[in-house]
Structure formats: C-alpha cells, structure tokens
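Shown next, in structure tokens, is the structure this report addresses.
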Amino acid sequence: MTSPSSSPTTRRATAKVALFSALIAALIVSVLVSAGTGQLPIPPQEVLGSLLHKVGIGWLPVPTHPTGDATLWAIRFPRVAMAALVGAALAVSGLLMQAIFGNPLAEPGVIGVSSGAAVGAGLCIVFGLTFFGEWTTAVFAFAFGLGATLLVYAMSRAEGRTEVVTLVLTGIAVNAIAGAAIALLTFLGDTQSREQIVFWQLGSLAGSRWSQALIVAPVVAVGLIAAYAAARKLDLLALGERNARHLGVNVEALRIVMIFVVALLTGAAVAFAGIISFVGLVIPHLMRMILGPAHLPLVTASALGGALLLTLADLGARTIVPNADMPIGMLTALVGGPFFFWLLRRTRKRSGGWG
C-alpha cells in the first residue's frame, strides 16, 4: 500500500516524466514538419531519412527531389536549429530572471540586454559599420546588450549589495534611454536603414546559417550548465533572502553570476535573431505551473518548451502568409500578450497583485 506522504511525490514524478516525454516528442515532430515545409515540400519521413543518412543509417528514404537534400542542409536545418537554440536560451533566461527576482512576471528585457542590443544593431545599420565583416551587426548587438546589463548592475549596486527593486527601476531607466537612442537612429537613417531597424526589432530567423548556430550552441550549453549548477541555490533563494543566507547561500554572488548568464544567453539570442519577446515570460511560468517550484527539472523543461515554442512560431512565420516571411517576434507577442494579461489577472485574484 502506498503511504499518503509518497502519493504527491509519485504524482509529481509521473507528471515530470509525462511532460518531458510530451515535450521531446512534440519538439521532434515540430522539427521534422518545420524542416519539410516550404516552397519545396518534403515529407517528414524523408526529412528524418536525410538526418539518419548523415550518421550512416539508411532505414528511411532520403528526399526524392534532386535539390531536396541540399535545401534541407543549407537552408532549413540551420534555421530550425537556430529556432530551437534561441528559444531555449530565452526560456532559460526567463526562468533565471524569475528565480533571482522572486517574481513570475520578470523576463530578460528587465535588465536592458534586448534594448542595448537593439542600439548596437542600429548603429551598425545606420552608419554602415563593417569592422567585423558580415558579423559586425551581431557582434555590436551582443556587446551593447552585455554592456547595458553591466551598466544596469553597476548603477543599482550600493554598499556592496544590489537591491532587486533598484535593479528593476534602473533597468527601466536604461531601457527608456536605449529606446530614445533607437528612435534617434531611426530618425537619422535613410528609408532602407529604418526598415532594417524596424525589422530587426521585430525578430526574424531568416537567413540563419550553420556558422551562426555553431556560435550560439556553445553559449546555450554554458548557460544550461550554469543554470543546472545553481538550481539548488535558486531553490533556497525562493525561501527568501534571509533564509537562503542562513542556509549558506551567497545571495549577492548568486545574483551576479545569474545576471551575467542571463545577459550571455539573451545577448547571443538577440544578436542573431533580433528581439523576440514573451518567450522568457510564458514558458517558465507554464512549466512551473505543471512541475512546481524545483529549479532542476524546470531548467530542462523550460529549455525544451522554449525550443518547441520558437520552432512552431518560426513555422507559423513562414506559412501563415503565403510567399512571405513574417517577423517571428510579432507572433510570440501575439501569443504572449494575452497570456501576460491572464497572468496579471490570476496574480491579482490570488494575492492582490505584487506589493
């Protein structure tokens, strides 16, 4: 007979296995469908056959169209890989932000990384900077995003400590200044530059290449490792700062490291994909509702959920309007906006809002 105390544990374990299995299966299906969808349709079994053929397994047929295999590996697989990597990076960033702020409404944009990256990209677009060749825009976006985060942290630090409220307010101020800088760059640029800035701010995975994915992948791997390593300390931080300190957690050091990890993950994502909103807000909160507050399984679930969401969003961006590539950030905002309103109403009903 199962004891009453073990029943909730069993249910949580069952829910965890079911959720991970569903996320992995859905991600695999979405990758196969997304890679096979386009002006040259390729059946999912042929997409999978192409993947297996690369590792020497010939169980399934490869694409029958003469250019099918080349299309998959040169255009579609890099884009799908970038979608999964960027989605995972943004979702894990959101999870870490919510953990260190103790608020499910927190998201990576709070610390200024996205708006800072937009300023860096805007500078390159308007003034035609080419210091790093074709990588100039991505390098400037990443550098300015990381710089904005460090500025927010430095300005919010006093007497060796960083207050969460001060950090949030400083982030709002830096975001406002960055927004003004973007508006100025838009005003100074010509018509083509303005269109590029606007399109970059809306987010897109068009033109993704393997060389870009090979840069983002190690950053995501480092971010995930850091998140896994800090999971137990984040659980203790959820009990409150004072309790966490009594239990041996260096709260200030933990916040510094996690903010840097968030800046690294988000900066790498927006440098190549532009600003994609709400992924870091929606996915971690949904996973927490299903799995509970423990951060170790939440890191995995958020990474899988973010990869799934952005893979599906990218598929929608390429197929909703025929022969057009919609901005992916617009689609995630259309999903995330209503979810954010629902989350606000749910929070107010349960606890009267955030004091």
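Looking only at region 240-255, which residues are exposed (fewer than 13 other Cβ atoms within 10 Å of the Cβ) and within 27 Å of the chain's Cα centre (by Cα)?
Correct list: 240, 250, 253.
Table: residues versus (1) out of contact with any Pro (no Cβ under 9 Å at 6 or more places or on another chain); (2) surrounded by fewer than 24 Cβ atoms within 10 Å (Cβ to Cβ); (3) among the hydrophobic types (A, V, I, L, M, F, W, C).
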position: 307; (1), (2), (3): yes, no, yes
position: 314; (1), (2), (3): yes, no, no
position: 319; (1), (2), (3): yes, yes, no
position: 332; (1), (2), (3): yes, no, no
position: 335; (1), (2), (3): yes, yes, yes
position: 339; (1), (2), (3): yes, yes, yes
position: 342; (1), (2), (3): yes, yes, yes
position: 345; (1), (2), (3): yes, yes, no
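Looking only at region 327-343, count how many residues are part of a helix (DSSP H, G or I) and either in contact (Cβ under 8 Å) with a residue 40 or more places away in the chain or touching a strand residue (DSSP E or B) at 6+ places or on another chain (Cβ under 7 Å) (or both).
Total meeting the criteria: 11.
For region 147-171, what are the residues that are farther than 17 Å from residue 113 by Cα and out of contact with any Phe, Trp or Tyr (no Cβ under 9 Å at 6 or more places or on another chain)?
Hits for region 147-171 are 157, 158, 159, 160, 161, 163, 165.
Within region 1-89, considering only helices (runs of 4 or more DSSP H) that don't extend past its boundaries, which have at least 2 residues that are hydrophobic (A, V, I, L, M, F, W, C) and surrounded by fewer than 14 Cβ atoms within 10 Å (Cβ to Cβ)?
Output list reads 6-36.
In this structure, is residue 178 at pLDDT 90 or above and buried (at least 17 other Cβ atoms within 10 Å of the Cβ)?
Answer is yes for this residue.
The values are calculated or read from the model by the stated rules, or taken from the named source; none is laboratory data. Every value quoted in this text rests on a predicted model; they were computed, and no experiment measured them. Every residue, glycine among them, receives a Cβ derived from its backbone with ideal geometry; neighbour counts consider all protein chains shown.
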